[in-house]
């Protein structure tokens, strides 16, 4: 993996990144889809800035708050930063390929492979903290490679700062940090772990995460409770073979030969300087296998390095007479893979066409309990029907007597419904929304003076004994939504026979 004495041009790589960005922006204009369920919740969080939330650190929410304050609740504006982040990840992967000794074509090939990864196509198509993880981790690896090549331990400071930013975006970033340390420890680069610069990098990382650590301590570490609940009730247990198969699918089967080459080449002498990445990958994969994880996206960012490594390996191990032809074939296959898988993970086809398309491909995706066997994948189905739900709730609310309206609030047990009703509520004249789910719970309770609740997405058998009157006022039906959201009864609850304020603490739902 020696550097080539060729002039480097970044224009093709930049054009590729720009193309990825444009695709993400175009996908946001498809009329049949709106905000994703998590986006609705994140927008609610962004109105209530804090140093932490039940299910995430604060940094991605701060960035979203800035966007909302500047541009409002515009779907294009809100998805701008995720699109930029994934596009920048494409570019950074090309830079890694160059660092590994690749030519312009290798840079382009590595970037192309990352651009068509279904999991990144998904991350770039809606707002979440997940969109930032690939860019942060790929940037970390870039500095690690520089540290190895230059034998310059000072880069630990850059790495520590990036990991600190990553942990303020997403707690599970700690897995990547652990993988890096373990990878170096088991390789001949373990000497890089024992110096004052890694301590300074660790200190920088710690300083950056102090606000969220303090918040977690004050609130008795609620995120740990949420992660335990998610592991036991949200995730689906998968077999070892399913875990591996889903890694291949979510990274795109058409990239498999490239990233597998990039991984295997580390076993040979030319790959020895970067063999720590092989050990890091093995650690992350073992974590996935041990947990029987149904979330293949959890370690997706690790593959950016292997795409770059694989692209450069083609140059190092193929005869020059075959090299250009092989790169052309590889690029053609990657483009084909992108064309095939993009409509599955990005909202560019109508729900009806997407269901038919996925059925013809013979694919199905079961990632979460309660959302199994969906004809339209959850990441698309949960972008449908939110404004229509708010309109239906508004009809129920407007039908109430005038004096009762003034003493009415909305209640839900799901942050998606709550977020949608809060987002669209002002346009429909809806009252305040309360919810028992994740951080919404901490924004309650409603006052005991409230005597009427419009309840959306609740367990009616649990609620019925608690109120003097329970009336089913409407049914909201969304045929393309997930099973949980497909048929939602809307109830009017009157006369609570308990103190909502006192018992609110017992209604929390962290998952």
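Details
- Residue pairs meeting the criteria (Cβ under 9 Å; at least 6 apart or on separate chains; first not assigned by TED's automatic domain parsing to the domain that holds residue 248, in the range 363-377; second surrounded by fewer than 15 Cβ atoms within 10 Å (Cβ to Cβ) and at pLDDT below 70): 369/233
- None of 223, 237, 187 is touching a residue at least 40 places away in the same chain (Cβ under 8 Å) and outside any loop (DSSP other than H, G, I, E, B) except 223.
- Picking from residues in the range 409-429 that are surrounded by 24 or more Cβ atoms within 10 Å (Cβ to Cβ) and not in a helix (DSSP H, G or I), the one that is farthest from the chain's Cα centre (by Cα) is 410.
- Matching option when the condition is crowded, with 20+ Cβ neighbours inside 10 Å and either at pLDDT below 95 or not assigned by TED's automatic domain parsing to the domain that holds residue 129 (or both), among 269, 296: 296
- Every residue from the range 484-499 that is under 15 Å from residue 410 (Cβ atoms) and within 34 Å of the chain's Cα centre (by Cα): 488, 489, 490, 491
- Scanning the range 243-257 for residues that are farther than 27 Å from residue 332 by Cα and not in a helix (DSSP H, G or I) turns up nothing.
- Breaking point among (1) modelled with pLDDT of 95 or more; (2) surrounded by fewer than 24 Cβ atoms within 10 Å (Cβ to Cβ), for residue 120: (2)
- Verdict on residue 161 being in the same structural domain as residue 271 (by TED's automatic domain parsing), part of a helix (DSSP H, G or I) and surrounded by 21 or more Cβ atoms within 10 Å (Cβ to Cβ): no
The values are calculated or read from the model by the stated rules, or taken from the named source; none is laboratory data. Predicted model only: the values in this text are computed from it and were never measured. Glycine gets a Cβ as well: all are built from the backbone with ideal geometry, and neighbour counts include every protein chain shown.
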